[in-house]
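Chemist: Quick one: this structure, given as C-alpha cells, is what I'll be asking you about.
Since every read-out is calculated from the coordinates, none of them should be taken as a lab result. What you see is a predicted model, and the numbers here were worked out from it, not measured in a lab.
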C-alpha cells in the first residue's frame, strides 16, 4: 500500500518507469524491474496531482 492517495498513474513508453500523481502534492517516479518498484524521486507540486503522462 502507498502512504498517500494516488490520483493517476502512467508508465513510460519503454516500460521502465512509473509515474504516480498523488493527493500529497507530489509526483512519485518509480523504477520498474519485473514486479519490483524502486523510488527514483519525488517531485513537489503546488497542489494535488490529477494527471500524469509520458511523452514519446
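Chemist: Let me have the relative contact order for the chain, percent, based on Cα pairs under 8 Å that are six or more residues apart.
Modeler: Details: 125 pairs, mean separation 19.8, N = 56.
After rounding, I find 35 percent.
Chemist: Along the three principal axes, how long is the chain when you take its alpha carbons, biggest first, rounded to the nearest angstrom?
Modeler: 30, 26, 16
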